[in-house]
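Student: I am attaching a structure below and will ask some questions about it afterwards.
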Amino acid sequence: MNKPHNLDTSELQAIDRKHHLHPFTDSKELNEQGTRVITRADGVYIWDSEGNKLLDGMAGLWCVNVGYGRKELAEVAYEQMLELPYYNSFFQCTTPPAIGLAEILAELAPDHINRVFFTGSGSESNDTVIRMVRRYWDLLGEPQKSVIISRKNAYHGSTMAGASLGGMKFMHEQGGLPIPGIVHIDQPYWYAEGGDQDPEEFGLNVAQQLEATILDMGLDRIGAFIAEPLQGAGGVIIPPDSYWPEIGRICDKYGILLIADEVICGFGRTGKWFGSDYFGIKPDFMPIAKGLSSGYLPIGGVMVSDRVADVLTDKCGEFAHGYTYSGHPAAAAVALKNLQILRDEHIIETVEKDTGPYLQKRWRELENHPLVGEARGVGLVGAIEIVKDKDKREFFPKEGTVGGVCRDACIRNGLVMRAVGDTMIISPPLIITKEQIDELIEKALKSLDETAAAIPGINFED
Ligand SMILES: *Cc1c(COP(=O)(O)O)cnc(C)c1O
């Protein structure tokens, strides 16, 4: 197959079925349906091989922050590949794009964070974080402080370490996870788990599980706490206002390291550069990826606070860890240009002051729909809960069934909206306009109406 572009959809699907194992996919089911082949994209839209145009409400996988079709990003990749396609940052070497990217990241990050370790993805970043947390406590003479506290239903990637730090049960069920030394406390998911408590009281209570776990296991064993500023893949779960200040207080009081996984929140999603800026978090580590390059090339990193980086620099000797593609020059050049675009075109300020508030206002209107129990969001990320009974916050049985129906309706109506169980989520490119937001809302509403109409025909029994 020399020219896949010349093949029609069914030919492409046949080859895909035969040779391609997809991530997070039931391959048997997929092979029966056939893959959707995405062939091109521009701005906030993608097209499939059948010519269908879809508004990409997920920015790919939360990553295409500057939108599709930015020629400057293709050009810097091309130029960098001609000049120096690859060199490593091991062995006392580095490359100009990696240097430039590290510098701009230090400028954009909170003041106490000025150094970055490059990786190839968000999952790798979280592998690196575990290595750094444990090395840090080693160097301070407390190697037993190796336990990292995380949260149920967190997403921190899909490698052994990433999936272990993550709190997704269905992932832990495969491959003998989590690895030792990681424990999970409850998530601040008021809508589904808050019961009769009011949101602020609930937020405080789940935050205090961190303190209870530290005291229960013994402070001498606990090295760090990791959390996404807002949970993305778990269903765009936004903690109550009481949550982060209490987490901050506990981390400070006990001197444990705080990891804010910025892989989704970083680079403008909330209308600030980082989710930590939005929620007032003061992290020791910020894993980054996704929006770092707007997904144009794979790259990630771990940003490290001065107090930790000083120890890892001055006392460590050789840090026995790194990736062939740490600081990859073409990926770094694209990421650098991407950050310059976000900064120079004031894209994040526009999200904060204009398109973010507009999306949130229109998104809340979805609560008027009979199926929608809650519509929530910040900046350009949002979720709606599809429920059977709004007053009781009661979900439909066979979680994910109604969500799947709604997702399929969205696709038919020209919108990519993702289903996490029966929670529908969006995270569009940051360059989305108000007119395109109106289009998104209109398509979401139409799809919700079609979902409501389909519900009497759903068999919830088997
Ligand atoms: C996507 C994601 C990751 C994993 O990133 P990959 O690049 O897919 O490895 C880690 N953390 C969070 C919060 C994510 O959303």
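The values are calculated or read from the model by the stated rules, or taken from the named source; none is laboratory data. Nothing here was measured: the structure is a model prediction, and the numbers come from that model. No Cβ is skipped: glycine too gets one built from the backbone with ideal geometry, and neighbour counts run over all protein chains shown. Side chains are part of the model used for accessible areas, which takes the heavy atoms of the whole protein and leaves out ligands, DNA and RNA. Shrake-Rupley method; radii C 1.70, N 1.55, O 1.52, S 1.80 Å.
Student: Order the following by accessible area, largest value first: Asp314, Asp48. Probe radius 1.4 Å; ligands, DNA and RNA are ignored.
Tutor: Heavy-atom accessible area, descending, gives Asp314, Asp48.
Student: Nearest 5 is fine: what % of DSSP beta bridges in region 72-344 come out antiparallel, could you say?
Tutor: Roughly 50 percent of the DSSP beta bridges within region 72-344 come out antiparallel.
Student: Run the dipole for region 249-345 about the Cα centre, Lys and Arg Cβ at +1, Asp and Glu Cβ at -1, nothing else charged, and hand back the magnitude in debye, nearest 20. Display every interim value, and only then the final one.
Tutor: Numbers: 10 positive and 11 negative charges, 51 e Å.
Here the size comes out at about 240 debye.
Student: Quickly estimate the mean residue ellipticity at 222 nm for the chain, helices only: each DSSP H run with n ≥ 4 gives -39500 (n - 2.57), and the total goes over all residues, rounded to 500.
Tutor: My calculation for the chain gives -12000 deg cm²/dmol from helical runs alone.
Student: In region 72-344, carbon and sulfur make up what percent of the accessible area (probe 1.4 Å)?
Tutor: 53
Student: Please report the accessible area of Trp47 (heavy atoms, 1.4 Å probe, ligands and nucleic acids excluded) in Å², nearest 10.
Tutor: The accessible area of Trp47 comes to roughly 40 Å².
Student: How big is the antiparallel share of DSSP beta bridges in region 1-138, given as a percent to the nearest 5?
Tutor: Numbers: 8 of 8 bridges.
Around 100 percent of the beta bridges assigned by DSSP in region 1-138 are antiparallel ones.
Student: Under the Karplus relation 6.51 cos²θ - 1.76 cosθ + 1.60, θ = phi - 60°, what is the ordered set of whole-Hz ³J(HN,Hα) values for region 60-74, x standing for Gly and Pro?
Tutor: Here the 3J(HN,Hα) series is x, 10, 6, 10, 7, 5, 8, x, 7, x, 7, 4, 4, 6, 5 Hz.
Student: Would you please calculate the Kirkwood hydrodynamic radius of region 72-344 over all C-alpha pairs and express it in Å, rounded to one decimal?
Tutor: 19.0
Student: Solvent-accessible area per residue for the chain at a 1.4 Å probe radius, Å²?
Tutor: With all protein chains present, the chain gives 44 Å² per residue.
Student: Please pull out the direction-averaged projected area of region 306-435, using the convex hull of its alpha-carbon atoms, in nm² to one decimal place.
Tutor: Spelled out: convex hull of the Cα atoms, projected over all directions, averaged, 13.4 nm².
Student: Quick one: order Arg362, Arg17 from most to least accessible surface, probe 1.4 Å. Numbers along the way, then the final one.
Tutor: On the way: Arg362 50, Arg17 100 Å².
Accessible-area ranking of Arg362, Arg17, largest first: Arg17, Arg362.
Student: Once the piece of chain linking Ala453 and Asp389 is laid out straight, how much longer is it, given 0.36 nm per residue of separation minus the C-alpha distance between them?
Tutor: 21.4 nm
Student: Probe radius 1.4 Å, ligands and nucleic acids left out: which of Arg36, Arg269, Arg343 has the largest accessible area, and how do the rest follow?
Tutor: Final ranking, largest accessible area leading: Arg36, Arg343, Arg269.
Student: Set the Förster distance to 25 Å, then compute FRET efficiency between Leu7 and Glu29 from the Cβ-Cβ distance, nearest 0.05.
Tutor: So the FRET efficiency works out to roughly 0.60.
Student: Another question, if that's okay. Return the ratio Rg/(2.2 N^0.38 Å) for the chain, where Rg is computed over Cα atoms only. If you can, show how the numbers build up before the last one.
Tutor: Values: Rg = 22.2 Å, N = 462, 2.2 N^0.38 = 22.6 Å.
Here the answer is 0.98, to two decimals.
Student: Work out how much length Glu83 to Asp111 would gain on full extension: take 0.36 nm times their residue separation and subtract the Cα-Cα distance, in nm to one decimal.
Tutor: Once the chain is fully extended between Glu83 and Asp111, it gains 6.7 nm.
Student: Identify all lysines with a Cα-Cα distance to Lys145 below 21 Å; exclude those on the same chain that are fewer than 8 residues away in sequence.
Tutor: Within the straight-line limit of under 21 Å, Lys145 reaches these lysines: Lys253, Lys282, Lys315.
Student: Same structure, new question: Measure out, as a whole number of angstrom, how far apart the alpha-carbon centroids of region 275-335 and region 425-462 sit.
Tutor: 35
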